[in-house]
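Engineer: Below: one structure in structure tokens.
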Amino acid sequence: MYEERHDMSKVDRELMIELENVDKFFGSFQALKGVNLTVGKGEKVVVCGPSGSGKSTLIRCINRLEQHNNGKIVVNGHELTDAVKDIDVVRREVGMVFQSFNLFPHLSVIDNLMLAPKLVRKTPKAENREIAMRLLERVKIPDQADKWPIQLSGGQQQRVAIARALCMNPKIILFDEPTSALDPEMISEVLDVMIDLAREGMTMICVSHEMGFARSVADNVVFMDEGEIVESGPPGTFFDNPKNDRTKLFLEQILTH
Amino acid sequence: MSFDIELILDSIPKMLMGIGLTFELLFLSLVLGTVLGIFLLILRISGRWYLAAPTMVYIYIFRGTPILVQIFIIYYGLPQLEFVRDSIFWPILREPFGCAIVALSLNSGAYLSEIFRGGVLGVDRGLKEAAAALGISVRQRFIYITSPIAIRLCLPAYSNDTVSLMKSTALASTITLLDMMGIARTIVAETYAPYEVFISLMVIYLIITWAIQRTFAGIEKRMSRHVRREA
Amino acid sequence: MSAVSGWWDDFFWGSLVVVELFFVALIMTILFGLIGAGAKLSNNRVAKSIASGYTIVFRGTPEILVLLLFYFGSAIILTTIAQIFDPEIKFVDFPPFWAGSFAIALIIGSYATETFRGAFLGVDPGQIEAARALGISSLKTFIYVRIPAMWRLALPPFGNHMLSLVKDTALIAIIGLEETLFVAEMAIGYTGKPFTMYIVVGAIYLGFSTIITLTVMGLERYANRHLEVTR
């Protein structure tokens, strides 16, 4: 259990991510409606909600895999605009872990980790490899370094994906339903890695249905429905005392199985 | 109607003298066509309409008209135009070999660019997003992620297209070139023995087709090591 | 362009020949494709090998070679037969229209064999199981479940075969068929403008390709109308 929580009400939180009145349209469909959210340094945010509520769109706007239409997004002091320079700089400091892992199939595990540092930071090979191996040890699969991704199990692949994101030394990591595509017995090995990361002080935003993880790790749980943030709060309040009816309904559906 | 074995044994070496020309036509057009195809692909996916639109028109025209007509236009037709006769390309364009290469390359470039495009589109979107999320630039994504995967995806179609190109080289015989087909036609004209000559030529072409397919199958196997599941 | 005037009606008649040829060859192609696919899918080993041989030979041989072989070959057979009746006959010409359409149909039919076979195998086995589990007879399942699913899968590649078919008709001019290229040659003889005339031929074929492409697009939309569901 992770005990040290951040006090979200502190006035001088060092903000890493700010979303102010953010709208996002896909054609005529509005995926995000006036979203306001702040994430301070070292804080863990879990975003939950029904399908189509805009959770994935929200985090994909943060590293500009989607472009927001209205409002302001500031990541680590950089405002996200159309200028290309901004995007690359932001992406180097924000890591992302995908639901379907997205490991590069034509590269070995260790090459997957070394590619971005080589191309983006021009890290010399020996140093690059050393960092990569250390990270593989951290996610507990150093022996898989030279295998092809397809030879690994789902849980192993996702751990490699987390290590790959860590190789760029990001200040923030975004998780887009990291365990949703995994067989049940592999979920905990990935969650364990995420809990370790949390313990070490990483700023994390995680879209997930794993409510146990939210309860034990999150500083802020955010519930989204139909593009809006309906309710948010520390897990104690959120799970035990939800204020909004929609939140109550969702929690009932997801927690009684 | 008898089957003249002696004629076959006599014709085959003669036709094989044309194999050098057949291969020259094939390899040269394949290489030039591939380069052109990549160039057209880049224009097509550039996102700029003034580059993509003319490219699409070009591809449409070259895939929508018979290659024989294209060969005739270039060999018989271009000399009609004065500016062609005055240009620096004239030495190439007045020779049947040059015309054949030009026609075959322009044609295969159009087909190949569509094949390459199919490969590029076949690359999983998630992989490109993962690379983007790591901060890898558009250009680097294309080189290190999209291209290797796209090439492997294109290989079957590229192999088929190479076979098609090989078959098209036979059309060079219609503009006086003495490749294998051209030699065969002369022999038949002299001997009135189409079966022996053409059937043996068919066998030769089939062997070449088989060789091409085997080569590409081998390349594909090597490139798919990371795709096959180890038992 | 005034050089072309006076030749428009000749080109028109030539185009009609192309259209006739296309439809005749198309029917034969579908037939050969279905027979070939049927043979390949059957459990009969002899049928399978003949079908395999068929596809290998006609996909690996240049079209012009097949055409010449059939044309001269059939002429010889006809001549031999005719000489039985009347030894005075020196040479009987096999109508290029039929020799040509048959040859092309054999060639494209070999590609169609693979397409139909692939379409047959590509049908979701779950659908077939569901139909049979409902008590629908084998024959009715084939007609009402498998065939509708099949033609949906076969349509895009078969569209390409039809494009190849129309373009290959240009080759039949080589064996003397009086279609557009033939008209062009005559026109060139009179006007001395090969570029203009061959461009006209190209444009005519481009027109045919466009018609086929649009038709196939329309058919595809019709075939997939149950899949375009808007939220």
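The values are calculated or read from the model by the stated rules, or taken from the named source; none is laboratory data. Being a predicted model, the structure only gives us computed values, none of them experimental. Ideal geometry is used to build each Cβ from the backbone, glycine not excepted, and the neighbour counts take in all protein chains shown. Heads up: the accessible areas ignore ligands, DNA and RNA and are worked out on the full protein's heavy atoms, side chains in. Shrake-Rupley method; radii C 1.70, N 1.55, O 1.52, S 1.80 Å.
Engineer: Can you give the average number of partner chain beta-carbon atoms within 10 Å of each beta-carbon in peptide B:198-206, as a whole number? Each step should come with its number before you reach the end.
Structural biologist: Details: counts 8, 4, 0, 5, 8, 2, 1, 5, 5.
Taking all residues of B:198-206 together, the mean is 4.
Engineer: Can you list the DSSP H helices in chain B whose Cα atoms extend at least 20 Å along the helix axis and whose mean Kyte-Doolittle hydropathy is 1.6 or higher?
Structural biologist: Long hydrophobic helices here: B:19-44.
Engineer: Mind checking the angle between helix A:154-166 and chain A's longest principal axis? C-alpha axes, 0 to 90 degrees, to the nearest 10.
Structural biologist: In chain A, helix A:154-166 runs at an angle near 90 degrees to the longest axis.
Engineer: Another question, if that's okay. Using the Cα centre of segment C:1-123 as origin and beta-carbon charges of +1 (Lys, Arg) and -1 (Asp, Glu), tell me which of C:Ile64, C:Ala103, C:Gly118 is placed farthest towards the positive end of the dipole.
Structural biologist: Looking along the dipole axis, the top candidate is C:Gly118.
Engineer: In a Gaussian network model over chain C where Cα atoms closer than 10 Å are linked, find which of C:Glu178, C:Glu20, C:Glu88 has the largest mean-square fluctuation.
Structural biologist: Between C:Glu178, C:Glu20, C:Glu88, it is C:Glu88 that shows the largest mean-square fluctuation.
Engineer: For chain C, count all C-alpha to C-alpha pairs, find those more than 29 Å apart, and express that count as a whole percent of the total.
Structural biologist: Details: 11543 of 26565 pairs.
Within chain C, distances greater than 29 Å cover 43 percent of Cα pairs.
Engineer: Also: In whole angstrom, note down how far apart the Cα centers of segment C:145-159 and segment B:2-37 are.
Structural biologist: For segment C:145-159 versus segment B:2-37, the Cα centre distance is 37 Å.
Engineer: Additional query: With a ≥ b ≥ c taken as the square roots of the eigenvalues of the C-alpha gyration tensor of segment B:1-88, please select rounded if a/c is under 1.5 and otherwise prolate if a/b is larger than b/c or oblate if it is not? Before the final figure, lay out the partial values.
Structural biologist: Values: a/c = 2.76, a/b = 2.03, b/c = 1.36.
Because a/c hits 1.5 or more and a/b exceeds b/c, segment B:1-88 counts as prolate.
Engineer: For segment C:100-231, calculate the relative contact order in percent as a whole number, restricting contacts to Cα pairs under 8 Å that are 6 or more residues apart.
Structural biologist: On the way: 75 pairs, mean separation 35.9, N = 132.
Value for segment C:100-231: 27 percent.
Engineer: Grab the DSSP H runs of the protein assembly as shown that are 4 residues or longer, score each as -39,500 (n - 2.57), total them, divide by all residues and round the 222 nm result to the nearest 500 deg cm²/dmol. Could the numbers behind the result be given before it?
Structural biologist: Working: 30 runs with 443 residues, N = 719.
Rounded to the nearest 500, the figure is -20000 deg cm²/dmol.
Engineer: For peptide A:100-110, how many partner chain Cβ atoms fall within 10 Å of a residue's Cβ, on average? Working shown, then result.
Structural biologist: Details: counts 5, 3, 9, 3, 9, 8, 13, 4, 1, 0, 0.
Taking all residues of A:100-110 together, the mean is 5.
Engineer: Explain nothing, just the number: dipole magnitude of chain B about its Cα centre with +1 on each Lys and Arg Cβ and -1 on each Asp and Glu Cβ, in debye rounded to the nearest 20.
Structural biologist: Numbers: 20 positive and 16 negative charges, 284 e Å.
The dipole of chain B has a size of about 1360 debye.
Engineer: Follow-up question, since we're still on this one. R0 = 25 Å: FRET efficiency of C:Thr79 with B:Asp4, Cβ-based, nearest 0.05?
Structural biologist: With a Förster radius of 25 Å, E is 0.90.
Engineer: Would you work out the charge dipole size for segment A:1-131 about its Cα centre, treating the Cβ of every Lys and Arg as +1 and the Cβ of every Asp and Glu as -1, and quote it to the nearest 20 debye?
Structural biologist: On the way: 19 positive and 18 negative charges, 76 e Å.
About 360 debye.
Engineer: Let me ask you something else. Can you list which of the trypsin sites (Lys or Arg not before Pro) found in segment A:8-71 are DSSP loop residues with at most 11 other C-beta atoms within 10 Å? Show your work: numbers first, answer last.
Structural biologist: Working: sites: A:Lys10, A:Arg13, A:Lys24, A:Lys33, A:Lys41, A:Lys44, A:Lys55, A:Arg60, A:Arg64; in loops: A:Lys10, A:Arg13, A:Lys41, A:Arg64.
Within segment A:8-71, the qualifying trypsin sites (Lys or Arg not before Pro) (loop, at most 11 other Cβ atoms within 10 Å) are A:Lys10.
Engineer: Please name which of A:Ile229, A:Asn244, A:Ile205 has its Cα lying farthest along the dipole of segment A:119-257 towards the positive end, using unit charges on Cβ (Lys, Arg +1; Asp, Glu -1) and the Cα centre as origin.
Structural biologist: A:Ile205
Engineer: If you don't mind, another one. Counting pairwise Cα distances across segment B:1-156, what percent come out greater than 21 angstrom?
Structural biologist: On the way: 7357 of 12090 pairs.
So the portion of pairs separated by more than 21 Å is 61 percent.
Engineer: Calculate how many DSSP beta bridges within chain A are antiparallel, expressed in % of all such bridges and rounded to the nearest 5.
Structural biologist: Working: 20 of 37 bridges.
Given both bridge residues lie in chain A, the antiparallel proportion sits at roughly 55 percent.
Engineer: Now for a separate question. Based on alpha-carbon centroids, what's the gap between segment A:53-102 and segment B:131-165 in Å, whole number please?
Structural biologist: First find each Cα centre; the distance between them is then 26 Å.
Engineer: How big, on average over all directions, is the shadow cast by the Cα convex hull of segment A:121-162, in nm²? Don't skip to the answer; put the middle values down first.
Structural biologist: Working: hull surface 12.8 nm².
Average projection, Cα convex hull of segment A:121-162: 3.2 nm².
Engineer: Would you work out if segment A:1-113 is rounded, prolate or oblate? Take a ≥ b ≥ c from the square roots of the eigenvalues of the alpha-carbon gyration tensor; rounded if a/c is under 1.5, else prolate when a/b is larger than b/c, oblate otherwise. Before the final figure, lay out the partial values.
Structural biologist: Details: a/c = 1.40, a/b = 1.11, b/c = 1.26.
Cα axes put segment A:1-113 in the rounded bin.
Engineer: Where q = 0.16, 0.17, 0.20, 0.25 Å⁻¹, what log10 of I(q)/I(0) comes from the Debye formula for segment C:1-89, counting one point per Cα?
Structural biologist: For the requested q values the scattering log ratios are -0.94, -0.97, -1.04, -1.14.
Engineer: In Å, what is the Rg of the alpha-carbon atoms in chain A, and how long is Dmax?
Structural biologist: Calculated on Cα positions, Rg and Dmax stand at 18.1, 56 Å.
Engineer: A further question follows. Please work out whether segment B:138-231 counts as rounded, prolate or oblate from its C-alpha gyration tensor, where a ≥ b ≥ c are the square roots of the eigenvalues and a/c under 1.5 means rounded, while otherwise a/b larger than b/c means prolate and anything else oblate?
Structural biologist: Cα axes put segment B:138-231 in the oblate bin.
Engineer: Once you have the alpha carbon radius of gyration of segment B:103-148, what is it after dividing by 2.2 N^0.38 Å, with N set to its residue count?
Structural biologist: Working: Rg = 13.5 Å, N = 46, 2.2 N^0.38 = 9.4 Å.
Dividing the Cα radius of gyration by 2.2 N^0.38 Å gives 1.43.
Engineer: Sticking with this one: Quick one: if you stick a label point 7 Å off each Cα along the C-beta vector at C:Glu88 and B:Tyr50, how many nm between them?
Structural biologist: 7.4
Engineer: Enter the angle in degrees (range 0 to 90, nearest 10) between the Cα long axis of helix A:245-255 and the first principal axis of the Cα atoms of chain A, meaning the one along which they spread out most.
Structural biologist: For helix A:245-255, the angle is close to 40 degrees.
Engineer: From the backbone phi of segment A:64-71, what are the Karplus-calculated ³J(HN,Hα) couplings (6.51 cos²θ - 1.76 cosθ + 1.60, θ = phi - 60°) in whole Hz, Gly and Pro given as x?
Structural biologist: Karplus values, whole Hz, x for Gly and Pro: 6, 6, 10, 9, 6, 8, 10, x.
Engineer: Further question: Explain nothing, just the number: relative contact order of segment B:97-231, from Cα pairs under 8 Å at least 6 residues apart, as a whole percent.
Structural biologist: Working: 78 pairs, mean separation 33.5, N = 135.
Here the relative contact order equals 25 percent.
Engineer: I've got another one for you. What Kirkwood hydrodynamic radius, in Å, does the protein assembly as shown give when the mean of 1/r is taken over all pairs of distinct Cα atoms and then inverted? Provide the component values of the computation, followed by the final result.
Structural biologist: On the way: mean 1/r = 0.0329 Å⁻¹.
Computed over Cα pairs of the protein assembly as shown, the Kirkwood hydrodynamic radius comes out at 30.4 Å.
Engineer: OK, next. Let me know the charge dipole size of the protein assembly as shown about its Cα centre in debye, to the nearest 20, where only the beta-carbon of Lys, Arg (+1) and Asp, Glu (-1) is charged.
Structural biologist: Values: 66 positive and 70 negative charges, 197 e Å.
That gives the protein assembly as shown a dipole magnitude of about 940 debye.
Engineer: Ok, one more. Using modelled backbone amide H atoms (1.01 Å from N, in-plane), which distant-in-sequence or interchain residues come within less than 5 Å of A:Glu43's amide H?
Structural biologist: A:Met204
Engineer: When chain B is treated as a GNM, springs tying every alpha-carbon pair under 10 Å, which of B:Leu36, B:Leu134, B:Leu106 comes out with the largest mean-square fluctuation?
Structural biologist: Highest fluctuation among the options: B:Leu134.
Engineer: Taking GluC sites (Glu not before Pro) that fall in a DSSP loop and have at most 11 other Cβ atoms within 10 Å as cut points, what is the longest piece of chain A between them? Before the final figure, lay out the partial values.
Structural biologist: Working: sites that count: A:Glu3, A:Glu4, A:Glu14, A:Glu200.
Here the longest segment lacking exposed loop sites spans A:15-199.
Engineer: Kindly express, to the nearest 10 degrees and within the range 0 to 90, the angle between helix A:84-93's C-alpha long axis and the longest C-alpha principal axis of chain A.
Structural biologist: Value to nearest ten degrees: 80.
Engineer: With a 1.4 Å probe and every protein chain left in place, work out the accessible area per residue of chain C in Å², rounded to a whole number. Kindly include the intermediate steps, with their values, before the conclusion.
Structural biologist: On the way: 12040 Å² over 231 residues.
Per-residue value: 52 Å².
Engineer: How high is the relative contact order of segment C:1-137? Use alpha-carbon pairs under 8 Å, at least six apart in sequence, and give a whole percent.
Structural biologist: On the way: 106 pairs, mean separation 49.0, N = 137.
Averaging sequence separation for qualifying contacts and normalising by length gives 36 percent for segment C:1-137.
Engineer: Of the options A:Met114, A:Ile141, A:Val94, report the single residue whose Cα projects farthest towards the positive end of the charge dipole of segment A:46-142 (beta-carbon charges: Lys, Arg +1; Asp, Glu -1).
Structural biologist: A:Ile141
Engineer: Next question, about the same structure. Connecting C-alpha atoms closer than 10 Å in a GNM of chain C, tell me which of C:Phe116, C:Phe32, C:Phe195 has the biggest fluctuation.
Structural biologist: C:Phe195
Engineer: Here's another thing I want to ask about it. In chain C, which helices (entire DSSP H runs) extend 18 Å or more along their own long axis, judged by Cα positions, while averaging at least -1.0 on the Kyte-Doolittle scale? Mind showing how you got there, number by number?
Structural biologist: Details: long enough: C:8-41 (48 Å, 1.62); C:45-60 (22 Å, 0.41); C:63-85 (33 Å, 2.03); C:96-122 (38 Å, 0.92); C:147-168 (29 Å, 0.39); C:194-223 (43 Å, 1.22).
Result, helices passing both filters: C:8-41, C:45-60, C:63-85, C:96-122, C:147-168, C:194-223.
Engineer: Find how many whole Å separate the alpha carbon centroid of segment A:190-257 from the alpha carbon centroid of segment B:183-230.
Structural biologist: Between the Cα centres of segment B:183-230 and segment A:190-257 lies a distance of 63 Å.
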